[in-house]
Amino acid sequence: MVEYSRQELVWRAGVDRDYVDRLVELGILTPRPGDSFSQGDVRRARWVQSFERAGVPLEGMADAIRDGALSFSYLDATAFDRFAGLSNTTFRELSERRGVAPELLNVVREAFGFAEPLPEDHVREDEMAVIPLIDALLSCGVRPVMIERLLRIYGDSLRRIVETETDWYRTEVELPLLEGGMTEVEMLEAQADLGSRITPLMEPALLAIYRGLQEHSWSKSAVEDVESVLEKAGLYRAVHRPPAVSFLDITGYTRLTEEQGDEAAADLAAKLAALVRRSAQDHGGQPVKWLGDGVMFYFPDPGRCVVAALDMVKGVAANGLPPARVGIHAGPVVFQEGDYFGRTVNIAARIVENARPGEVLVSRDVVEAARDTPVAFTEIGPVELKGVSGSLRLFAANQGI
């Protein structure tokens, strides 16, 4: 078992020496022989200070611990060993030593979900693990602003995962234990034991999914690179009757999630799936993947894809769901492990971003491939799409007369 001196506890927990003395005096911390402390004591000191800063009275916590109504002993569980302490390096020292701008180091702290540090604040041990990546990116000529963007996306995406895990753990583990007759103290001990068994299994699962998504995204990028090379070399042959890829998005999905929660968003996604799956199948297409706020489809026939999209938009409105919008492009695609890749997919995804609620937007390639379809097309003009070179002629589709 790792043991720390009182002074080591002070800097690892980021608290004052007088504060540690006060916690010992109140019985919140109990030194081991030789005035040593455990990793759990480091967490107790840091967490208790956070509770106090949030308005929970220190003496009240101490009284509750003495009465047996409250306990922080669960912080000794191995599930909490992953939570790092502070290093002995300040942000100023790290910036000067590694040549990393203070503003960039501040984003590291932001990505971890904590407030902006002062130059003399100590860097967390887990934050130090990000520094080699920053060094490597800077040495490769990656702009600091792009590194900041990457770190913020890491933080924002993982924050949602963690918040969902916490909500799930509360409703599926902690509340059932309380409803089963446990006291708060008993529940905290029991959930910590369960968490110590579950948590080591969650990280490999999360990493496996992350790597699978990396393979998916990198493959998509590689396909687009190959297509670009072939096109420039004049070796990219046009398909006589290309398939179509479409994306359907629900307008206001993010706002709905923020206002009504993930449960309401999941209910909306289930209703949407049932509605659009039948429409796609009726017109010879298939859903490829579900994207939270929408769906990607593949259709061998672009004309039938447009008809299906119009039916979907109409059906979504008729069933009281938030308005949908669709973007469609036709062209060669690459199929791999149940998914489709290539420029056609990328352009279709960009087209839907330009569609208004209730609108079906298509490219010129779709119009030309759907000449015999009873659909009317109205050109809205050349449009520059994000990530697509040049402008693209887009058309709004409507039911034909």
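Listing for the model above:
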quantity: Which of Ala270, Pro287, Val123, positive extreme of dipole for the chain (C-beta unit charges); calculated: Pro287
quantity: The chain, dipole about Cα centre (Lys/Arg Cβ +1, Asp/Glu Cβ -1), debye to the nearest 20; calculated: 1920
quantity: Cα-Cα P(r), segment 244-399, percent of pairs per 10 Å interval; calculated: 12, 44, 35, 10, 0
quantity: GNM result for the chain, Cα springs below 10 Å: residue of Glu337, Glu368, Glu227 fluctuating most strongly; calculated: Glu337
quantity: Summed residue charge, Cβ within 13 Å of Glu52's Cβ, Lys/Arg positive, Asp/Glu negative; calculated: +2
quantity: Exposure proxy ranking, count of Cβ atoms within 10 Å, fewest first, for Tyr340, Tyr210; calculated: Tyr210, Tyr340
quantity: Spacing of the two label points (7 Å from each Cα toward its C-beta) at Val229 and Glu337, in nm; calculated: 2.1
quantity: In degrees, nearest ten, helix 144-169 long axis to first principal axis of the chain (Cα); calculated: 70
quantity: Calculated Rg and Dmax of the chain using C-alpha coordinates, Å; calculated: 27.9, 90
quantity: Ser5 versus Lys386: modelled label distance in nm, points set 7 Å from Cα along the beta carbon direction; calculated: 5.4
quantity: Proximal aspartates and glutamates to Lys289, defined as alpha-carbon separation beneath 18 angstrom and excluding residues fewer than eight positions away on the same chain; calculated: Glu215, Asp249, Asp267, Glu337, Asp339, Glu353
quantity: Percentage relative contact order, segment 86-217, counting C-alpha pairs under 8 Å, at least six apart; calculated: 20
quantity: Nearest-ten-degree value, helix 343-354 long axis tilted from longest Cα axis of the chain; calculated: 80
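Laboratory data are not the source of any read-out in this text; all were calculated from the coordinates shown. Worth saying up front: this structure is predicted, and the values here are computed from it rather than measured. We place every Cβ from the backbone using ideal geometry, glycine too, and count neighbours over all the protein chains shown.
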